[in-house]
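The values are calculated or read from the model by the stated rules, or taken from the named source; none is laboratory data. Just so it is clear, the model here is predicted, and its values are computed rather than measured. Here the Cβ positions follow ideal geometry from the backbone for every residue, glycine too, while neighbour counts run over all protein chains shown. The protein model used for the area step is the full one, side chains on, heavy atoms only, and it has no ligands, DNA or RNA in it. Shrake-Rupley method; radii C 1.70, N 1.55, O 1.52, S 1.80 Å.
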Amino acid sequence: MTLSGALIGAGMLQTILYLLFIRAIDLYEREPLRYVVPVFIWGFAVATTISLVFNTVANMTFEAVATRQVADFVTAVFVAPVVEESTKGLALLIIFVVAYLASRRRRLIEFAGVMDGIVYGSAVGFGFALAEDILYGVQFGAETFLVRRILGGFAHAAFTSLTGIGIGLIPFVQNRALRIIAPLLGLLGAILLHATFNFLATTLGLAAYLFMIVVVLVYLVVIVVWLAFERRTIRAELRDEVDRGLVSAGEYVILPTYFRRTGYYLRLIFSGHLGEWFGARKMHSSAVDLAFAKRLARRWPTPAREERVQALRQKIMNLRATAAPQPGF
């Protein structure tokens, strides 16, 4: 069965749902689409093109001195993981630098922490996987495309998320050497994870996807632990902001708990307080940003981080001065 436009469309819809799902898991500091979408496009277009060229050249080179089976194995296990994870990781490094430069103007770090690394790593991975699956589907048929879509959608996302985590930890590392080592270790982990999957897929077939199920479960544990850390940070860092009068007691109760905050927003929407809902979201988002900025400034103080804390406090004060009173607070 040949690959049809309808199947490709279904695969694209699946990928978009995956991407929205991963982004939605970032409960407290959701990444802006202006950064997520370009990373996804890089994975779909740029990373796949570069990888296709290098992998093809490597495979042809090995095939000239060995059998095709050996050439395919060596390329899949030793070449493809290095090339593909490096090209995907480059997108994360670029977006981190762009976000960092923007943060100097906006005083807000958009790419920091484990969850951000997973979101951006998944975005570039989802884009890469979709393009790769389409190429395999065109070459080997619709059945191959379907199997890869059903079983392997999270594989590339899981690989490159390690690189993303390494880059996301840079703002939390004070030592300059460790700021370089952390992303390199993340990239190395991504390459090793990718190589292990390719080795298992080449030698054991579908058993490789059992390995990926275990990997995804580990990621779920990491995500739960990190979200718990973020929840504790919000609760701890905003406690004295209640005494300052910057955050109300009612807001302090709902801000660390995603579902309480969402329930409050839904009540505003269904009661017709759309203006108050919009203002509350902006104010609460700034309060969460303030909590994370305060933690960084307290643990690793620098003039820039202290300035960011003061700027966020001023932003919340300005928002509160112009916003309508929030029902229930």
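Of the residues Pro38, Ser86, Leu19, the one whose Cα sits farthest towards the positive end of the charge dipole of the stretch 1-122 is Pro38 (charges of +1 on Lys and Arg Cβ, -1 on Asp and Glu Cβ, taken about the Cα centre). The label point for Thr322 and the one for Gln310, both projected 7 Å from the Cα toward the Cβ, are 2.2 nm apart. Here the spin labels are modelled as points 7 Å beyond Cα on the Cα-Cβ line, and at Thr2 and Arg235 they lie 6.0 nm apart. Long hydrophobic helices in the chain, taken as whole DSSP H segments with a C-alpha length of 15 Å or more on their own axis and mean Kyte-Doolittle hydropathy at least 1.6: 5-25, 207-237.
The distance linking the stretch 122-182 with the stretch 35-49 is 11 Å (Cα centroid to Cα centroid, whole angstrom).
Simple rule: put +1 on each Lys or Arg Cβ and -1 on each Asp or Glu Cβ in the stretch 235-329, find the dipole, and look at Leu296, Asn318, Ser248; the Cα lying farthest toward the positive end is Leu296.
Computed with every protein chain present, the accessible area of Leu206 is close to 110 Å² [probe 1.4 Å].
Secondary-structure-derived ellipticity at 222 nm for the chain, considering helices only, amounts to -27000 deg cm²/dmol, per-run term -39500 (n - 2.57) for DSSP H runs with n ≥ 4. Cross-link partners of Lys315 among lysines, defined as those whose alpha carbon lies under 28 angstrom from its own and excluding same-chain residues fewer than eight positions apart: Lys282, Lys294. Surface composition of the chain: carbon and sulfur atoms hold 70% of the protein heavy-atom accessible area at a 1.4 Å probe.
Taking the Cα centre as origin and putting +1 on Lys and Arg beta-carbons and -1 on Asp and Glu beta-carbons, what dipole magnitude results for the chain, to the nearest 20 debye? The calculation lands at about 1400 debye.
Most tightly packed first, judged by the mean number of other beta-carbon atoms within 10 Å of their residues, the peptides 214-221, 49-56 read 49-56, 214-221. What you get for the stretch 57-154, charging only the Cβ of Lys and Arg (+1) and of Asp and Glu (-1), is a dipole of about 560 debye around the Cα centre. Once the Cα-Cα distance is subtracted from the 0.36 nm per residue extended length, the Leu185 to Val253 segment shows a gain of 20.7 nm.
Here the Gaussian network model covers the chain, with springs between Cα atoms less than 10 Å apart; of Leu93, Leu290, Leu210, Leu210 fluctuates the most.
Using heavy atoms of the protein chains and a probe of 1.4 Å, the accessible area assigned to Trp277 is about 70 Å².
Under the simplified labelling scheme, the Asn175-Thr49 pair shows an inter-label distance of 4.0 nm, with each label point 7 Å from Cα along Cα→Cβ. On a per residue basis, the chain carries 50 Å² of accessible surface, using protein heavy atoms and a 1.4 Å probe.
With springs only between Cα atoms under 10 Å, which of Gly141, Gly113, Gly168 fluctuates most in a Gaussian network model of the chain? Judging by the Gaussian network model, the answer is Gly141.
A prolate overall shape is assigned to the chain, the ratio a/c of its alpha-carbon gyration tensor axes (a ≥ b ≥ c) being 1.5 or greater and a/b exceeding b/c.
Mean-square fluctuations from a GNM of the chain, with a 10 angstrom spring cutoff on Cα atoms, peak among Phe126, Phe62, Phe199 at Phe62.
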